[in-house]
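The values are calculated or read from the model by the stated rules, or taken from the named source; none is laboratory data. Just so it is clear, the structure is predicted and the values come from calculations on it, not from any experiment. Here Cβ is always computed from backbone atoms with ideal geometry, including for glycine, and neighbour counts include all displayed protein chains.
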Amino acid sequence: MIRAIRGAIQLDSDEREHLLKSTAELISKTLHANDIDNSDLISIIFTATPDITSEFPAMAARELGLGDVPLMCAVEINVDHAMPRVIRLMIHANTAKARGEIQHVYLRGAAALRLDLAQ
């Protein structure tokens, strides 16, 4: 079955190395929480708030060895009251897990985005 898995992380600052490390943490924790192997991945979509310009979040996935997985980055819509410096992802993966068993991962300040799902 194909499932979508959501996640987000808030950056402390828009610095390239911090973005790459934080995005890699988000990807790794999301895959681990859902027992997803790289071979189960279909695609990953990343969004970044408009205040993030130091690097593409997909670069972190490539550095984790996911270069053969289709990756896409987009800018999150610019809403006045939106939380700053947030990277979101949606992973599409093959898994036997039921929808209710999926663990969505919200880290650092981004946990406030989905208090009902945050770990």
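Give the residue, chosen from Leu71, Leu64, that is surrounded by 18 or more Cβ atoms within 10 Å (Cβ to Cβ), at pLDDT 95 or above and among the aliphatic types (A, V, I, L, M).
Leu71 is the lone residue from the list that is surrounded by 18 or more Cβ atoms within 10 Å (Cβ to Cβ), at pLDDT 95 or above and among the aliphatic types (A, V, I, L, M).
Looking only at segment 3-17, count how many residues are in a loop (DSSP other than H, G, I, E, B) and either within 11 Å of the chain's Cα centre (by Cα) or of a type outside the set (Gly, Ala, Ser) (or both).
4
Between a first residue in segment 97-109 that is β-branched (Val, Ile, Thr) and a second residue that is modelled with pLDDT under 95, which pairs have beta carbons less than 9 Å apart while being 6 or more apart in sequence or on different chains?
Close Cβ pairs (under 9 Å, with a partner that is modelled with pLDDT under 95) amount to Val105/Leu117; Val105/Ala118; Val105/Gln119.
Going residue by residue through segment 18-34, is there one that turns out to be out of contact with any Lys or Arg (no Cβ under 8 Å at 6 or more places or on another chain) and in a loop (DSSP other than H, G, I, E, B)?
No, that holds for no residue.
For segment 8-19: of the residues being touching a helix residue (DSSP H, G or I) at 6+ places or on another chain (Cβ under 8 Å) and surrounded by fewer than 20 Cβ atoms within 10 Å (Cβ to Cβ), which is farthest from Ile44 (Cα to Cα)?
Asp12
One line per residue, one yes/no per condition, for (1) surrounded by 20 or more Cβ atoms within 10 Å (Cβ to Cβ); (2) under 17 Å from Ala4 (Cα atoms):
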site: Ser28; (1), (2): no, yes
site: Asp51; (1), (2): no, no
site: Pro57; (1), (2): yes, no
site: Ala82; (1), (2): no, no
site: Arg85; (1), (2): yes, no
site: Ile91; (1), (2): yes, yes
site: Leu107; (1), (2): no, no
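Strands (runs of 3 or more DSSP E) wholly in segment 38-117 with at least 2 residues that are of a type in the set (S, T, N, Q) - which ones?
Result: 41-48.
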